[in-house]
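Please treat every number below as a calculation from the coordinates, not as lab data. These numbers come from a predicted model, not from an experiment. Glycine also receives a Cβ, built like all others from the backbone with ideal geometry; neighbour counts cover every protein chain displayed.
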């Protein structure tokens, strides 16, 4: 009951802020709404007892990536009115198609996770804790990440490394 | 009801008032120490030895006219100082002043990460304040500030990871406990990390020698050039509250928090007569004094030197320190 009391107001605010992000006239205002949205999503994580994820959400998204957005927005567009898109209808079609793909994906994930329970994997990993490890949120996450999900984790790190090297090469063609 | 609502609210009230009052006195301390460093007397007129200057300054700021520039973005212009101050004050919720739960508002498992995350929100106040003023110098200053804060945040966060490796916990109470159990302050085990966090703290609070976002001689004041009255003083409060936060983090992580010196040598047990929170505040005072001392001593960095120091010196050292810590941890 209390969960619902917290969840639904949060969800309404998150969706509302999401709408404000795409309807705000000034790009800086949109970025600000996006920050508020990310903070509320962090609050949602806390209601799920995922404090570590919540804090990382604030640190990486609200505190890091959106600052870079703001940087770009401020450098590129100083208070100029947003231009009308040249061909708004075609962009609209592309947008609808993308939204549809995401919707199908979400429904598929919801369906799969309702039929096949992912919890046993985590429970098994938690049971295999060595005696020295305390059962905090962060420790459990680290344990699962470095045992059962080691290969996806390493792949993600490799991807980030490649992106980093690529960015440096692009920025410095004379290397 | 009393335990979950009234007691925390009382603690929050005491802590917030304590922080805000200590900010005004910190400004006075800064003026006095710099004056002594320069063979001056500093403020002397208000009260004995100028002590009441700490009250006169806020009153002056409150009474001043609060101007909004004609072409400023009104909402963001008002929001920026608030976004700057609120994170600085929120951090105090997790700072422990003692082992007992009487001495902290909240003891969360990811305390250290919480501090890093919340302080990283504070940069918005600076960026938006400069942008919303619709003026050239504040905008330049806020661009400088955001680049500087992002760069140094990386170095500090990597360094904090090596301290987390040493203590084995993200919990601030746990970190101090680990120092008591180990019998030594982490400042001695991790001297490199200590220096890195201190330097990064100077840069993140825009203090000399990294005060480029507020370099008066180049930027006519910095991101708060267009601010006046109470909104200016909110920026001011945020800056000094952040300095207090950094000093508390350094004291808790590297100087043993509320532990008396030499926690493992029984000859020095008599030092424990002094309550822990006084030890912590004393250690914070030492760190604050060094902050002010540096301001009186050092010249300002050039901007490219600042960026080079952040990216080419501090981050590699932080990574090397992390690796060495990891190897030592595995070998031992």
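Quick look at the values:
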{"item": "Nearest-ten-degree value, helix B:172-182 long axis tilted from longest Cα axis of chain B", "result": "40"}
{"item": "Reference-scaled alpha-carbon Rg (2.2 N^0.38 Å with N residues) for chain B", "result": "1.02"}
{"item": "Inter-chain shielding of A:48-57 (mean C-beta neighbours from other protein chains, 10 Å cut-off)", "result": "3"}
{"item": "Span from the region B:266-282 Cα centroid across to the region A:16-51 one, whole angstrom", "result": "45"}
{"item": "Cα centroid separation - region B:1-29 against region B:98-135, whole Å", "result": "16"}
{"item": "Zero-based 20 Å bins, Cα pair distances in the protein assembly as shown, whole percents", "result": "18, 54, 25, 2, 0"}
{"item": "Shielding score for B:268-275, defined as the mean number of other chain Cβ atoms within 10 Å", "result": "0"}
{"item": "GNM top mover of B:207, B:31, B:45 - chain B, alpha-carbon springs below 10 Å", "result": "B:45"}
{"item": "Computed helical MRE - 222 nm, chain B, DSSP H runs ≥ 4 contributing -39500 (n - 2.57), nearest 500", "result": "-21500 deg cm²/dmol"}
{"item": "Overall form of region B:189-332 per C-alpha gyration tensor (a/c, 1.5; a/b vs b/c)", "result": "oblate"}
{"item": "Radius of gyration, Dmax [region A:135-175; alpha carbons; angstrom]", "result": "15.6, 50"}
{"item": "Cα-based Rg of region A:1-83 normalised by 2.2 N^0.38 Å, two decimals", "result": "1.23"}
{"item": "Crossing angle, helix B:229-254 versus chain B [Cα axis fit, 0-90 degrees, rounded to tens]", "result": "20"}
{"item": "Degrees separating the helix B:111-121 axis from the principal Cα axis of chain B, which is the longest one", "result": "10"}
{"item": "Listed peptides A:49-62, B:133-146 by packing density, highest first (mean Cβ within 10 Å)", "result": "B:133-146, A:49-62"}
{"item": "Among B:252-262, A:22-32, A:153-163, the order from most to least packed when residues are scored by Cβ within 10 Å on average", "result": "B:252-262, A:22-32, A:153-163"}
{"item": "Ranked by how many other beta carbons lie within 10 Å on average, peptides A:90-100, A:36-46 from highest", "result": "A:36-46, A:90-100"}
{"item": "Quarter of the Cα convex hull surface for region B:215-288, i.e. its orientation-mean projected area (nm²)", "result": "6.8"}
{"item": "10 Å Cβ neighbours from other chains, averaged over peptide A:64-74", "result": "4"}
{"item": "Kirkwood Rh in Å, taken over region B:44-200 so that all alpha-carbon pairs contribute", "result": "18.7"}
{"item": "Diffusion coefficient, µm² s⁻¹, Stokes-Einstein with Kirkwood Rh over alpha-carbon pairs of region B:1-63 at 25 °C and 0.890 mPa s", "result": "181"}
